[in-house]
Structures are given as structure tokens and as C-alpha cells.
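First up is the structure itself, then whatever we jot down about it.
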Amino acid sequence: MATGLAGKVAVVTGSSRGIGKGIAVALAREGAKVVVNGLDDDVEAEKTYREVTQNGGVALLCPGDMTDEAVAGDLFDRTERELGGIDILVNNVGGGKNIPFLDIDEKLWHEVLDLNLHTTFRCIRLVLPGMLERGFGRIINIASQLGVKGGFQLAHYATAKAGLIGLTRSLALEFAGSGVTVNAIAPGRIQTELRPGAARVSQEWLERKLREIPMSRFGRVEEVAATAVLIASSPSGDFYTGQTFHPNGGEVMP
Ligand SMILES: NC(=O)c1ccc[n+]([C@@H]2O[C@H](COP(=O)([O-])OP(=O)(O)OC[C@H]3O[C@@H](n4cnc5c(N)ncnc54)[C@H](OP(=O)(O)O)[C@@H]3O)[C@@H](O)[C@H]2O)c1
């Protein structure tokens, strides 16, 4: 596949671990210069940075809270100064915990919408003008299959992820033909590393969840990353825009 990623500048928000890390490492393997971001400048972020740079890859380690517009703006400015104009923006920061709907108060609702949807809106507004000026850009929004099928006790999260799909389609329409494509990935259940101290799930829970997936297994971070590489590629990815990709083992077939 002709990825054309060598020398491209990619920002992957929330890439110190999990899916974002997988995408950052995969883009770097194709020769992209990658910005590694996480909330903290911790050992995980440092490990990801080393993994990206170990085979001659170029990276910047830029920790910071991407929900803060000023922090995000500084990160993009630094990227442009040190690596060049941003070609690829992967909006990966997100998450949310199961809460019964009537226990989701307005504060929590706004926090989850802010983390999963508004942060992406703000990052795109900061990066898109430069992409349009240069006539090239790849925006990849990490949604979730729950944005398509809904999530049990996850009304806030599923609503935000559904919003990301609407945002993706709308921007794809508005900017088609500009050289900027906008796509989403809506992963199913992906095995991400548990943070130290995170609660372990029971065997019974695991077996029940696996029965809901036709392929009877969780997805791998590398499988989501391969989707991102395809979308980010040029010319191989040039004709995809407004699409939502579904690495999910057959759990949702929209
Ligand atoms: N895992 C799944 O099964 C799954 C399925 C569907 C969709 N998704 C979506 O995929 C994305 C990644 O999920 P994941 O499971 O890989 O998450 P994860 O393992 O919890 O990793 C989250 C990453 O985001 C960073 N982060 C969190 N809040 C941030 C903020 N405000 N500013 C900057 N960085 C921040 C974390 O940094 P620190 O290490 O510093 O905390 C970490 O690098 C999310 O949008 C999630 O909704 C995941």
C-alpha cells in the first residue's frame, strides 16, 4: 500500500497509552513525525516516546490536558515550530464510566461531552485552517460502536460519540475537494492495557462480553491503528471521507 506517510506531521491526542499509542507507533513506523500527548508527563508517555523514536523515528513529547483550549493551542504551535505544519490530526482523547441515566447530573453530562466531543471540535478548529492553506489534511476522530448502537448506562458517552460521527460527516461534506478528508473510527471492544491499580474484571463478565462479539474475542490496538494508517495514507486513503470505520469483530454492522 502506498501510504505516503514519510515526513508527514501527525498529532495523536491521548497517545501515551492505549489506542492512541498504537496509532502513534503505527504512523511512526510508516515514517510520520509524531506528537505524543497524554495528560501527564509520566512513565507511560516516556515509554511511548522511546518506542516511536527507537528506530530513527521523529517525535515530540507534549503532555497536557487537551480539554484546555490554551494548552491545545500551545501544543499545536510547538508542533508547527519544531516539526512543521500538521498534516494528520487524530482526535483520540475520550472515555466515560457506566452511570445510570438518572444519576448523570448536568455537571457530569457536560464533562463527558466536553472530553469526547467539544475537545475534538476545538482541536479541529485550531488545526484545520493550516491544512486548508496547505491543501492537505487528514482528520481522524475516534468514536465508538456505542455511538451507533447506544450504550447501557452510558447515555453521556454514547451521545458524545454519536455526535462525533455527525461532526465527521458534516465536515467531510463542507471540505470535500479541499485536500482535507475527515473520517471516524468507531472501535468495538479493544483490549487496552489496564492502568496500574485499575479494577480487574471478573471471569463471568469477560465470558458474557465475549458472547456478544461474533468473533469471540476483543480487538487489538494494532487493528485500530491499521485502520488509522489506511485513512491517513495518500494516495491510498485519498477517496475516503465522511466514513465511519468499524473494527469490531462483527458486533455492530451498521
Ligand atoms: N478501549 C476500547 O475498547 C474503546 C472502544 C471504543 C472507543 N474507544 C475510544 O478510544 C479512545 C482511546 O481509548 P483507550 O481505551 O485507548 O483509552 P486509555 O487506555 O484510557 O488511554 C487514554 C489516553 O488518553 C490520555 N488522556 C486522557 N485524558 C486526556 C486529556 N484530557 N488530555 C490529554 N490526554 C488525555 C491518557 O493519558 P494519561 O496516560 O496521562 O492518562 C491516555 O494516553 C477513547 O476516545 C475511547 O472512547 C475505546
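The values are calculated or read from the model by the stated rules, or taken from the named source; none is laboratory data. Computed from a predicted structure; not experimentally measured. Backbone-built Cβ (ideal geometry, glycine too); neighbour counts: all protein chains shown. Surface areas here come from the heavy atoms of the whole protein model, side chains and all, with no ligands, DNA or RNA. Shrake-Rupley method; radii C 1.70, N 1.55, O 1.52, S 1.80 Å.
Scanning the range 5-22 for residues that are away from the ligand (no atom under 13 Å from the Cβ) and either touching an Asp or Glu at 6+ places or on another chain (Cβ under 8 Å) or open to solvent by less than 40 Å² (accessible area, probe 1.4 Å) (or both) turns up Leu5, Ala6, Lys8, Val9, Ala10. The set of residues in the range 218-254 being more than 21 Å from Thr3 (Cα to Cα) and in contact with a Lys or Arg (Cβ under 9 Å, 6 or more places away or on another chain) consists of Phe218, Gly219, Asn248, Gly249, Glu251, Val252, Pro254.
Of the residues Gly151, Gly179, Gly197, which is closer than 25 Å to Leu5 by Cβ and either more than 9 Å from the ligand (Cβ to nearest atom) or at pLDDT below 95 (or both)?
The match here is Gly179.
Within the range 1-59, can you find the residues that are under 19 Å from Thr227 (Cα atoms), of a type outside the set (A, V, I, L, M) and assigned to a helix (DSSP H, G or I)? Residues satisfying the conditions are Gly18, Gly20, Lys21, Gly22, Arg29.
Give the number of residues within the range 211-254 that are more than 16 Å from the ligand (Cβ to nearest atom) and of a type in the set (Lys, Arg). Number satisfying all stated conditions: 1.
Taken together, the residues in the range 23-39 that are within 8 Å of the ligand (Cβ to nearest atom) and buried (at least 24 other Cβ atoms within 10 Å of the Cβ) amount to 2.
One line per residue, one yes/no per condition, for (1) of a type in the set (Val, Ile, Thr); (2) closer than 21 Å to Lys161 by Cβ; (3) loosely packed, with under 13 Cβ neighbours inside 10 Å; (4) modelled with pLDDT of 95 or more:
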{"position": "Ala72", "(1), (2), (3), (4)": "no, yes, no, yes"}
{"position": "Ile86", "(1), (2), (3), (4)": "yes, no, no, yes"}
{"position": "Asn91", "(1), (2), (3), (4)": "no, yes, no, yes"}
{"position": "Ile104", "(1), (2), (3), (4)": "yes, yes, no, yes"}
{"position": "Thr120", "(1), (2), (3), (4)": "yes, yes, no, yes"}
{"position": "Leu126", "(1), (2), (3), (4)": "no, no, no, yes"}
{"position": "Arg138", "(1), (2), (3), (4)": "no, yes, no, yes"}
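Take the conditions (1) buried (at least 20 other Cβ atoms within 10 Å of the Cβ); (2) more than 14 Å from the chain's Cα centre (by Cα); (3) within 15 Å of the ligand (Cβ to nearest atom); Glu51 misses just one of them, which is (1).
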